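The values are calculated or read from the model by the stated rules, or taken from the named source; none is laboratory data. Not measured: the values here are computed from a predicted model. Don't worry about glycine lacking a Cβ; one is built from the backbone with ideal geometry, like all the others, and counts go over all protein chains shown. Ligands, DNA and RNA are stripped out before the accessible areas are found, and what is left, the full protein with its side chains, is counted by its heavy atoms. Shrake-Rupley method; radii C 1.70, N 1.55, O 1.52, S 1.80 Å.
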Amino acid sequence: MKKVMAPCVECFKETGIPNFNFVIQEQNDECVYSFKCDKGHEFILIQQIQRFELKFDMACFSYINDDYSAAVMHCASALERFREFFVQAV
C-alpha cells in the first residue's frame, strides 16, 4: 500500500524551518488524513487527487508487488471511477 508523508505545518509556522520528521500514514480512498507530529501538533491533510487516479496508482503498486488479482480489481475500479468523473464533467 502506498504511504502518505507530510511535514508538520505548525512546526514550520513556529520556527520558520521545515520539520523533516515526516508523519506517515497509509493512503486511503477518502484522500483525507489526520496527522499528529512528535511535538503534539495535530493537522489535517487533504489530497487533491481524483479517485480514479488513486485507484490506478493502487493498481500499479499491486502489479509491481505481484498481486495480480488486486491489480485487476483496482484497475477495473479506476475505470469505473473515471467513467463517473467523465459523466459528471460532461
Return the Cα extents of the chain along principal axes one, two and three, sorted largest first, each rounded to a whole Å. 45, 36, 17
Once you mark the trypsin sites (Lys or Arg not before Pro) that are in a DSSP loop and have at most 16 other Cβ atoms within 10 Å, what is the longest gap between them in the chain? 40-90
Describe numerically, in nm with one decimal, the distance between label points set 7 Å from Cα along Cα→Cβ at Ser34 and at Met73. 2.7
I'd like the FRET efficiency for Phe20 and Phe61, computed as 1/(1 + (r/R0)^6) with the beta carbon distance as r and R0 of 30 Å, rounded to 0.05. 0.75
Between the Cα axis of helix 68-89 and the main Cα principal axis of the chain, the angle (0 to 90°, nearest 10) is 90
Sparsely packed GluC sites (Glu not before Pro) within the stretch 1-69, loop by DSSP, other Cβ within 10 Å at most 13: Glu30
Cα-based Lys pair tally, the chain, threshold under 23 Å, eight or more apart or on separate chains: 7
By how many degrees, 0 to 90 and rounded to 10, does the Cα axis of helix 51-64 deviate from the longest principal axis of the chain? 80
Separation of alpha-carbon centers, the stretch 1-45 and the stretch 57-74, rounded to whole Å: 27
Fraction of accessible area attributable to carbon and sulfur, the chain (%, probe 1.4 Å): 58
Calculated FRET value between Lys2 and Val90, using beta carbons and R₀ = 22 Å, to 0.05: 0.15
Per residue solvent-accessible surface (Å²) - the chain, probe of 1.4 Å: 74
Output the relative contact order of the chain, whole-number percent, from Cα pairs under 8 angstrom with separation of 6+ residues. 21
